[in-house]
Structures are given as C-alpha cells and as structure tokens.
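Asker: Below you'll find the structure I mean.
All of the numbers you see were taken from the coordinates with simple rules; none came from a lab. Because the structure is a prediction, the values reported are computed rather than measured. As a convention, Cβ positions derive from the backbone with ideal geometry for all residues, glycine included, and neighbour counts pool all protein chains shown.
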Amino acid sequence: MTDALGWRKKFGVLAPSTNTIVEPDFYAMRVPGVTAHFSRIHIRDQNLSSDAAFENLLAQIRVEINYAIDRVMTCEPDYIVMGMSAETFWDGVEGNRAFKRRVSERAGGLGVATGAEACEKALQLFGVRRIGVVTPYQPIGDQNVVRFFNDIGFEVVRIKGLRCPTAVAIAHITEDELRRALIEVNGDDVDALVQVGTNLSMVRLADEAERWLGKPVIAINAATWWFALRQNGIEDKVWGAGRLLREF
C-alpha cells in the first residue's frame, strides 16, 4: 500500500535531541508527496565548550544513533537522511563512507544522505575549488571538516568556528552573527562558501547571500535535503533555499 501523504517517498530523518533548526528547515523545503519522519538521537550531555566535550558528544551519538535508527524504521521509510553533520565529516572521506555504511546496514540497506556528501556533490556541481567555511564547532570539529574537504580535492582557504558552548546554543546564533562570519571567510580567493552544522539557521540567509556575494553559498540543511530528493529521482524545484534547490 502507498502512504497517503508520502506517496512518493518517506524519509526517515535522524537528528540530535538538542536540534531545533533542522526539522523546521526540512519541513519548509517540503515538496508534494515526500514526507520527513524524525527520530531523535538522545543527547544526555550537551556541553560543547572544549575539544574533549565535543568528542564526548560524538561518543554519545555513536551509541544512541542505533536506537534512533531502530525507532524510525518502524514507520517503514524508503530512505534515511542525516539531520546532523559533525559525525558525517569525522575522519575525512573514509570516515564519511564508513559512517554511511554503518547507518545503511542498521537501516536494512536503505540509502543514506549525509551532509558531508551533499556538500561534496554540490561543490562539484558548481565547479569550484577554493572555499570558505562557517561552523558552530570547536577547533577539533573544524579540523575534521577541513580534512574532509581536502580529501575530496577542495582547498579550505578560511574557516570560522563559532565555538558554541552547548548543542542547544548553536540555534541561538543570529543572522547578523552568521552574516559577519560569511564576510570573514569570504574573499576574492574564495569560489564558494559552505556552512555546516545542522542546528545553525542558515538556509534563508544563504539564499540572500548568494545574491549579494555573487557566488554559491551552501547551507548544509538545504544541501542535504536537495541531495536526498535528487538521489530519489525527485526533481521538484524549491524557492527561497538557495540555487541548489532552485536550479539543479
């Protein structure tokens, strides 16, 4: 039987329990016949104030993600979408591919969209090489983001880590702060800008920034949603979320 609302695809989405941005972002970019069903990864300690605290949060995710997958699988989704990004960049491209395999295996072989791979495909599509990156992370998170992009052939010219003290605090970053961060990592030596961290509210600002900067600005939530749709043969265009969803 076909789902009454998700008659094209049902996406099972995995997101941290502390994340308040990715779910409304995905709903705002919805297309007819595609539904998103969220399963929360329990974060018991949301402290992000140091590299050690950041790694502790990822250790929690690596345990709790299995339970989140098991829960979302009960709605019989067609595909898995990652509503978190740090772990998808960890340990570079090999770490990303291994993470994707683990999630797919736990989900009975379903396809998986990760933010890191979505950014990879988007940058390749735009034909750029040198990028500026904005993150909410501590230095250890930024190092893993740089490693991933270097592994796939991109040069990170500048990176701005906002060093948010807790997982919930990421969602408190304002558009003004993000605008300043974009300007800080931008320059004539940068071909495109990338924002990572799914709890940063960046989709609307990225759409606007592409017009006043005159170059691609990739918000990870928009890129991940775009990648998930296109990997499932859904070509609908979405306005207000950047060039990826509007043009490609």
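Asker: Grab the Cα-Cα distance for residue 234 and residue 102, subtract it from 0.36 nm times how many residues apart they are, and report the gain in nm with one decimal. Don't skip to the answer; put the middle values down first.
Answerer: Working: separation 132, 0.36 × 132 = 47.52 nm, distance 2.51 nm.
So the extension gain works out to 45.0 nm.
Asker: Assign unit charges at the C-beta atoms only (+1 for Lys and Arg, -1 for Asp and Glu), then state the dipole size of region 78-124 relative to its Cα centre in Debye, rounded to the nearest 20.
Answerer: On the way: 6 positive and 7 negative charges, 19 e Å.
Here the size comes out at about 100 debye.
Asker: 7 Å from Cα along Cα→Cβ at both residue 59 and residue 28: what's the point-to-point distance in nm?
Answerer: Those two pseudo-labels are separated by 3.5 nm.
Asker: Between residue 4 and residue 52, what FRET efficiency follows from the Cβ-Cβ distance if R0 is 45 Å, with the result rounded to 0.05?
Answerer: Numbers: r = 47 Å, r/R0 = 1.05.
Between residue 4 and residue 52 the formula returns 0.45.
Asker: Estimate the FRET efficiency between residue 67 and residue 246 by the formula 1/(1 + (r/R0)^6), using the beta-carbon distance for r and 35 Å for R0, to the nearest 0.05.
Answerer: Efficiency, rounded to the nearest 0.05: 0.45.
Asker: Counting DSSP beta bridges with both partners in the chain, what percentage is antiparallel, nearest 5? Before the final figure, lay out the partial values.
Answerer: On the way: 1 of 28 bridges.
The antiparallel fraction comes to roughly 5 percent.
Asker: Under 30 Å from the Cα of residue 9, which lysines turn up, not counting those fewer than eight places away in the same chain?
Answerer: Straight-line reach from residue 9, under 30 Å: 100, 121, 237.
Asker: Right, next: Filter the chain for me: DSSP H helices, axial length by Cα at least 20 angstrom, mean Kyte-Doolittle hydropathy not below -0.5. List them by residue number.
Answerer: Numbers: long enough: 51-72 (30 Å, 0.21); 92-106 (21 Å, -1.40).
Within the chain the helices that satisfy the rule are 51-72.
Asker: Could you give the alpha-carbon Rg of the chain over 2.2 N^0.38 Å, rounded to two decimals?
Answerer: Working: Rg = 16.7 Å, N = 248, 2.2 N^0.38 = 17.9 Å.
The value comes to 0.93.
Asker: Which trypsin sites (Lys or Arg not before Pro) from region 159-248 combine a DSSP loop assignment with at most 15 other Cβ atoms within 10 Å? Working shown, then result.
Answerer: On the way: sites: 160, 163, 179, 180, 204, 211, 230, 237, 243, 246; in loops: 163, 237.
For trypsin sites (Lys or Arg not before Pro) across region 159-248 that sit outside H, G, I, E and B with at most 15 neighbouring Cβ atoms in 10 Å, the list reads 237.
Asker: How many angstrom lie between the Cα centre of region 173-198 and the Cα centre of region 41-71?
Answerer: 26
Asker: A follow-up question, please. What does the charge add up to near residue 92, with Lys and Arg as +1, Asp and Glu as -1, over the other residues with Cβ less than 9 Å from its Cβ? Write down the numbers at each step before the final one.
Answerer: Values: positive: 147; negative: 91, 94, 151.
Once all neighbours under 9 Å are counted, the net charge is -2.
Asker: Just in region 1-107: which chymotrypsin sites (Phe, Trp or Tyr not before Pro) are loop by DSSP and have at most 12 other Cβ atoms within 10 Å? It would help to have the intermediate numbers written out before the result.
Answerer: Details: sites: 7, 11, 26, 27, 38, 54, 67, 79, 89, 90, 99; in loops: 7, 90.
Filter output for region 1-107: 7.
Asker: Further, regarding this structure: Distance in nm between label sites at residue 172 and residue 158, each 7 Å beyond Cα in the beta-carbon direction?
Answerer: 2.6
Asker: Compute the length gained on full extension between residue 94 and residue 204: take 0.36 nm times their separation in residues and subtract their Cα-Cα distance, giving the result in nm to one decimal.
Answerer: Numbers: separation 110, 0.36 × 110 = 39.60 nm, distance 3.13 nm.
In short, 36.5 nm is gained.
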